Each structure stands twice: as C-alpha cells, then as structure tokens.
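These notes concern the structure reproduced below.
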Amino acid sequence: MAILDIARMGHPILKGRAHEVTNFDDPELHTFIDDMKETMVHAGGVGLAAPQVYVPLRIVIFFVPEGRDGGAAVPMTVMINPVIKPVSDAMAEDWEGCLSVPYLTGVVPRWTQIKYSYQDVDGSLRERPAEGFHARVVQHETDHLDGVLYPMRMIDIATLSFTDAQDDDEVEDEKQEDEGGEATVEKTPASNAEEPAL
Ligand code: NI
C-alpha cells in the first residue's frame, strides 16, 4: 500500500479522456486500487478518480457517509468503466469541493436522479440507481475520467470561494456572540467549509 500524489487543476493528466480497463486479472490493477483507497482516506476525501493520481484509466472509488442529505450510506465502491444515465431532466445545485482543486469550493448543478452501471474489481457488470449526494458524487467522479473538473460545470462562477474565507464568516459570527451580541441568533449555513472533497 502506498499514498499517491494527487494531481492539481492545470495538470494535463486531468484534461484528457481516461482509457477503459480491459484486463481485470492484472495484479497491478488491484494493488493500484488499494493505493487509491489509502490515498483517498489519507486526504480526507469521499471520492477519487484514477487520473487524479496520474493514472489515465477509467477507475473511480467513492463512498457516501451516513446521513448525508438524509440519504442512505453507500459503502466504499470501486467503479470501473462507469456509465451514467439521467433518469429525469431534474437538476439541483449544491456545493462541491475536489482534491485536485484544493482550498476552493463552488456551487455546481447536477442531475438529481441517475442510473449508473460499472464493472466491479472482478469485471462483473453492476447497475445502481442513485439520487441526491450519491448521484452528485458519481457524476463528479465520472467527469474526472473525461477531463472535466467541477469549475467547468459551474453556472455562477461568483460562488467559487476559498473554504477558509467562508470559515472567516463563521469566526466573525462567533466573535459577535463572545462580545455579548445576540447569542441566540441562529447562524445561516451559508458556507460549506466542512464539505468533503471529491
Ligand atoms: Ni474531484
């Protein structure tokens, strides 16, 4: 097992189309996937695509934490050669972050309901429905396989923010409370500073 370096926005590896995996018996494939898992956990992310660690193959790992958007948790999933189909035209906007776009966050529209198919580590074909955050993560990660980063999907670029700048707002709010301000005033969750990176 090894922790791999993560490519950042601007590197050519993140701009190309990654190749399909065809040989599922290659022991190096399984070692690499283990390294991806270790790297994602080490980086504190919830998703990682192979091009993000400089390997141009159509491999993604992700999980969905318990209680996210009120939805069910999804255990660590390895998706190879994933294909996404929207179930309806409905889209929703929400904040996203990305391990390849550190320190930043922005609002991105995504399909709210999808079906996706992929091959697992043994090459078996699987299909799942997904909605909400689960659907968002799958779309974000699969975009990485086609050279697309979330800022390229943003409609309102004005929402692109440094996560620690959003933290500053919260610090201000807390400071006011400390100074005898309206301690009972509820803070507006205007930021997503705690949003996990994809
Ligand atoms: Ni990402």
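Numbers for the structure displayed
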{"quantity": "Whole-Hz couplings from phi, Karplus 6.51/-1.76/1.60, listed for the stretch 135-152; x for Gly and Pro", "calculated": "5, 5, 4, 4, 5, 4, 5, 5, 4, 4, 7, 10, x, 10, 9, 4, x, 6"}
{"quantity": "Burial ordering of TYR103, TYR150, fewest other beta-carbon atoms within 10 Å first", "calculated": "TYR103, TYR150"}
{"quantity": "Computed helical MRE - 222 nm, the chain, DSSP H runs ≥ 4 contributing -39500 (n - 2.57), nearest 500", "calculated": "-7500 deg cm²/dmol"}
{"quantity": "Inter-centroid distance (Cα atoms) of the stretch 69-119 relative to the stretch 23-67, Å", "calculated": "16"}
{"quantity": "Residue (of ALA130, PHE162, ALA197) at the positive-pole extreme of the chain, dipole from beta-carbon charges", "calculated": "ALA130"}
{"quantity": "Ranked VAL138, VAL121, VAL78, criterion: other C-beta atoms within 10 Å, fewest first", "calculated": "VAL121, VAL78, VAL138"}
{"quantity": "Average Cα contact separation per residue, the chain, under 8 Å, 6 or more apart, as relative contact order %", "calculated": "23"}
{"quantity": "Nearest-20 debye value, the stretch 12-178 charge dipole, Cβ charges on Lys, Arg, Asp, Glu", "calculated": "1040"}
{"quantity": "FRET efficiency, ARG128 to ASP164 (Cβ-Cβ, R0 35 Å, nearest 0.05)", "calculated": "0.50"}
{"quantity": "Exposure proxy ranking, count of Cβ atoms within 10 Å, fewest first, for LEU198, LEU149", "calculated": "LEU149, LEU198"}
{"quantity": "Anisotropy class of the stretch 1-62 from Cα gyration tensor, a/c 1.5 cut", "calculated": "oblate"}
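Bear in mind that the values in this text are calculations on the coordinates, not laboratory data. In this text the structure is predicted, and so the values were computed from the model without any measurement. Positions of Cβ are backbone-derived with ideal geometry, glycine not excepted, and every protein chain shown enters the neighbour counts.
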